[in-house]
Each structure stands twice: as structure tokens, then as C-alpha cells.
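The values are calculated or read from the model by the stated rules, or taken from the named source; none is laboratory data. Here the structure is a predicted model, which is why all the values come from computation and not from measurement. Note: ideal-geometry Cβ built from the backbone for every residue, glycine included; neighbour counts use all protein chains shown.
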Amino acid sequence: MIKELKKFLKKKVKAIEVKTPKKISKLLSEMKETGFQGRKLAEVVEIWEKMIKDKDVTIFFGYAGSLSTTGQWKIINWLIENRFIDVLVSTGANISEDIVEAMGKSYWQGHHLVPDDLLFKIGLNRYYDVYGREDDYFKMTEIIADFIMTLKENYNYSSREFLSLFGKWLLNKGIKSIVATAAKYKVPIFSPAIVDSPYGDAGLIAKSKGFNLVIDNMKDYFEFMKMAEKVKDTGVIYIGGGVPKDFIQLFAVTSDLLYENKKIPGKKGKKRILTDESYYPHKYAIQITTDSPQWGGLSGATLDEGISWGKELPKRENFVQCFCDATIALPIVVHALAEKKLKRKGKIFDF
């Protein structure tokens, strides 16, 4: 009995002492000696640092929801500039709504307990406790539409091609949004559900002027999965879940389907039982989410569940699921990484 007991009593909890000044990175290292989601938040920094230092790893970043309206978008720019992201997969909202601030407009702090019919009457849209002006939103949509009118009509664009060109166009106009920063640093952005955002609305505006924009989802998928030939190991970071998470998770288990023999050229994969499929699990994985697993949705699905699909390696020391609001976790984690003064040369893809 004592021998069994000792197996579970290997590391003591250490109480945090209040001392000032104290760096965020130091506080998080102390939180790692505690419990619950504070400990998990500290583990996020630890595992992200492992990814950054692992020269064989390509870092994929899933950016879900509508977080750019809450002041998070410049954090994403910083991650791109420092090459702590190699590939960004985002909702259309996150990489369009940041343009409002990037072009000199603003979002406004508000309250979630307000008469929403009144907000509608005066031209405000509510994002929980943040307000956005509808005229600013529409101006941003019109800017995207203006860009669309410069493209080749009826050409099949992947979302990556489209966003790369848009980023360069925005840079020329001095609008330093996420898409523009990614274009500058040659970080590809994929947005597989891009029409569910102002990009779709901008496409409608262009259509009203006689221009037919084509964004090809299958071309997107081909380009994304083809990158598997050029990477050795992968590390994944999910802010939220949704389509960005699923798209990246599939990189580990469906990229082999591009090839008749179900193997990625030049890569040693693992074989699934019952089929001839190959799979290539992510070496590191981080998810920050507020969703719960018991409802069966991917946004709350644990990384442990991903092991059953072959999406993650069964090495739990290399992944962490932190149940926390991203607007709390992301600024803290990224500032801790910044304090560590890590340097990284990012991966460059030729498409």
C-alpha cells in the first residue's frame, strides 16, 4: 500500500508568495507548481517554448471566433513577426475585423446588459461587452470589395492565394492588419470558411458590380495538405476550436490521401489498423478553450480524444488543454514568451 501511495506523491504543490516586482514569466513558472487551470496556463508557456526551440517543428496556429474585436490582433502580429507562427488558420472574422482598427477606426468598451434594440437603432453592433460601429464595419467590407475588383475574374483562388494578395495590397496602403503582417513575413494564412465573414459580404458587393470571385475550397485543401511533404514534425496551437482547429487536426490524418499509396513522399508515417491509411501525429499540441468536451463538439474535444484519431502523439507531456478565456490566456502567455527573449527562424513555404 505504501509503495502504491508513493507513486502518486512525487511532487509537492508550492504556494505562491506575493513579491514585487515579479515578471509574468516568473509568476507563470510558480503557477506551474500549483493546480487547476493556473497550472495548465503555465504548461502552455512551457510547451510553446519547446516548440519554438525544436528546429524540426513547424508551428500551426488556429485562431477561432471573433477575438480581434477584443484587442487581441496585435498579439497575433507580434507572433508572426517573431516567427512563433509558421502557418495561420483563421476564421474570416478574426482576419477582417482587425482591419477596422488597422485603418484608424475603433471598437468601444460597452456592457452586455444593454437594450440591444436601441443599439441597432443607433447603428452599433455588440460583441458581448464591446461595441462596433456598423458604418466602420461596412467601410472595412467595402475595402475588401475594392481589393476583389483588382483580381482575375473567374480564376480559382485558394483562400491562401487570396489572402496573400490582399495582404500585399493592404501593406501598400499602410493598413498593417494581420493579413498584411503575414504577407510581409511570408506566413501563409488559410481561412477554410472565409465566406462566413465580411469576405463573403465583400464578394457579394463585387458580384453586384458584375465581378465574379471564385474561392475554391478544394484547392485550399490541396495546398494545405501538400505542405505535409515539406514538414518534419508539427506543433499545433488552438485558440478556441471550430473550423480552424479541425482543419489543422486533419493535417495529421488525411494528408496521406493525396497519394495513391496513402503515404507522404519522404516521410515515415504510422499505419492505422483496419485500413491502409498512414498518419503523422502532431508532436506538440496546445488548446485554450472555454468549451467542454461532454457536448461532443470539436471546440471542446480534448487532445486526449485526438489520440484516438491519430491526430496527437500519446505523449501527454507534450500537450496541454487549458480551459480558459482566450482574452485572459493569450496576453499573459505571449508576454511570458516575450520576456524569455526567444529567437526563432520560421519556415518558409513556396506554393
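Could you please give the count of residues in segment 1-51 that are farther than 23 Å from Thr302 by Cβ and β-branched (Val, Ile, Thr)?
Residues of segment 1-51 farther than 23 Å from Thr302 by Cβ: 1-7, 9-10, 12-27, 29-30, 33.
After this cut, where a residue has to be β-branched (Val, Ile, Thr) as well, the list is 2, 13, 16, 18, 20, 24.
Matching residues across segment 1-51 total 6.
State which residue is nearest to Glu223 (Cα to Cα) when the search covers only segment 271-291 and only residues that are in contact (Cβ under 8 Å) with a residue 24 or more places away in the chain and assigned to a loop (DSSP other than H, G, I, E, B). Walk me through how you get there before you give the answer.
Going through segment 271-291, the residues in contact (Cβ under 8 Å) with a residue 24 or more places away in the chain turn out to be 272, 277, 279-291.
Going one step further and asking which of them are assigned to a loop (DSSP other than H, G, I, E, B), we end up with 272, 277, 280-281, 283, 290-291.
On the way: Arg272: 24, Glu277: 20, Tyr280: 17, Pro281: 19, Lys283: 21, Thr290: 31, Asp291: 30 Å.
This residue is Tyr280.
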- Index of the failed condition, Asp86 passing every other in (1) more than 25 Å from Thr302 (Cα to Cα); (2) touching a strand residue (DSSP E or B) at 6+ places or on another chain (Cβ under 7 Å); (3) of a type in the set (Asp, Glu): (1)
- Query: Where residues in segment 299-351 are farther than 21 Å from Asn82 by Cβ, aliphatic (A, V, I, L, M) and part of a loop (DSSP other than H, G, I, E, B), which of them is modelled with the lowest pLDDT?
  - Reply: Leu313
- Query: So which of Lys207, Lys263, Lys245, Lys268 ends up being without any contact (Cβ under 8 Å) to a residue 12 or more places away in the chain and either within 17 Å of the chain's Cα centre (by Cα) or outside any helix (DSSP H, G or I) (or both)?
  - Reply: Lys268
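Could you tell me which residue of segment 323-351 is surrounded by the fewest Cβ atoms within 10 Å (Cβ to Cβ), considering only residues that are small (Gly, Ala, Ser) and out of contact with any Gly (no Cβ under 7 Å at 6 or more places or on another chain)? I'd like the intermediate steps shown before the answer.
Of segment 323-351, the ones small (Gly, Ala, Ser) are 326, 329, 336, 338, 346.
Within this subset, residues satisfying the condition of being out of contact with any Gly (no Cβ under 7 Å at 6 or more places or on another chain) are 329, 336, 338, 346.
Values: Ala329: 21, Ala336: 23, Ala338: 16, Gly346: 18.
Per the stated criteria, the residue is Ala338.
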- Query: Here are Glu153, Glu134, Glu142, Glu81: which of them is within 30 Å of Asp54 (Cβ to Cβ) and either surrounded by fewer than 16 Cβ atoms within 10 Å (Cβ to Cβ) or not basic (Lys, Arg) (or both)?
  - Reply: Glu81
- Item | Subset of segment 1-48 that is of a type in the set (Asp, Glu) and under 33 Å from the mean Cα position of the chain (by Cα) - its residue that is nearest to Lys341 (Cα to Cα) | Glu46
- Message: So in segment 158-190, with the set limited to residues that are in contact with a Gly (Cβ under 7 Å, 6 or more places away or on another chain) and under 17 Å from Ala145 (Cα atoms), which one is surrounded by the fewest Cβ atoms within 10 Å (Cβ to Cβ)?
- Response: Ala180
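What residue, of Tyr131, Tyr137, Tyr155, Tyr199, is under 26 Å from Asp246 (Cβ atoms) and of a type in the set (Ser, Thr, Tyr)?
The unique qualifying residue is Tyr199.
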- Query: When you look at Lys184, is it out of contact with any Cys (no Cβ under 9 Å at 6 or more places or on another chain), among the basic types (Lys, Arg) and farther than 23 Å from Pro244 by Cα, yes or no?
  - Reply: no
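Give me the residue from segment 58-70 that is among the hydrophobic types (A, V, I, L, M, F, W, C) and assigned to a strand (DSSP E or B) and, out of that set, surrounded by the most Cβ atoms within 10 Å (Cβ to Cβ).
Looking only at segment 58-70, we keep the residues that are among the hydrophobic types (A, V, I, L, M, F, W, C), and these are 59-61, 64, 67.
Those still in the list that are assigned to a strand (DSSP E or B) too: 59-61.
Working: Ile59: 24, Phe60: 28, Phe61: 24.
The qualifying residue surrounded by the most Cβ atoms within 10 Å (Cβ to Cβ) is Phe60.
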- Note on the structure: Picked from segment 113-159 (must be among the small types (Gly, Ala, Ser) and in contact with an Asp or Glu (Cβ under 7 Å, 6 or more places away or on another chain)), the residue farthest from Ala93 (Cα to Cα) is Gly123
- Select from segment 181-190 the residues that are over 21 Å from Asn217 (Cβ atoms) and in a helix (DSSP H, G or I) and write down the one among them that is farthest from the chain's Cα centre (by Cα). Lys184
- Message: Checking Ala193 against (1) in a helix (DSSP H, G or I); (2) in contact with a Ser or Thr (Cβ under 8 Å, 6 or more places away or on another chain), only one condition comes out false. Which one?
- Response: (1)
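Answer with yes or no whether Met103 is farther than 29 Å from Ile175 by Cα and not basic (Lys, Arg).
Numbers: farther than 29 Å from Ile175 by Cα: no; not basic (Lys, Arg): yes.
Criteria not met by Met103.
Please work out which residue is surrounded by the most Cβ atoms within 10 Å (Cβ to Cβ), limiting yourself to segment 280-314 and to residues that are more than 21 Å from Gly240 (Cβ to Cβ) and under 22 Å from the mean Cα position of the chain (by Cα). Please lay out each step first, then the result.
Just the residues of segment 280-314 that are more than 21 Å from Gly240 (Cβ to Cβ), to begin with: 280-281, 283, 308, 310, 313-314.
When the remaining residues are screened for being under 22 Å from the mean Cα position of the chain (by Cα), the result is 280-281, 283, 310, 313.
Details: Tyr280: 24, Pro281: 20, Lys283: 22, Gly310: 21, Leu313: 20.
Top of the filtered list is Tyr280.
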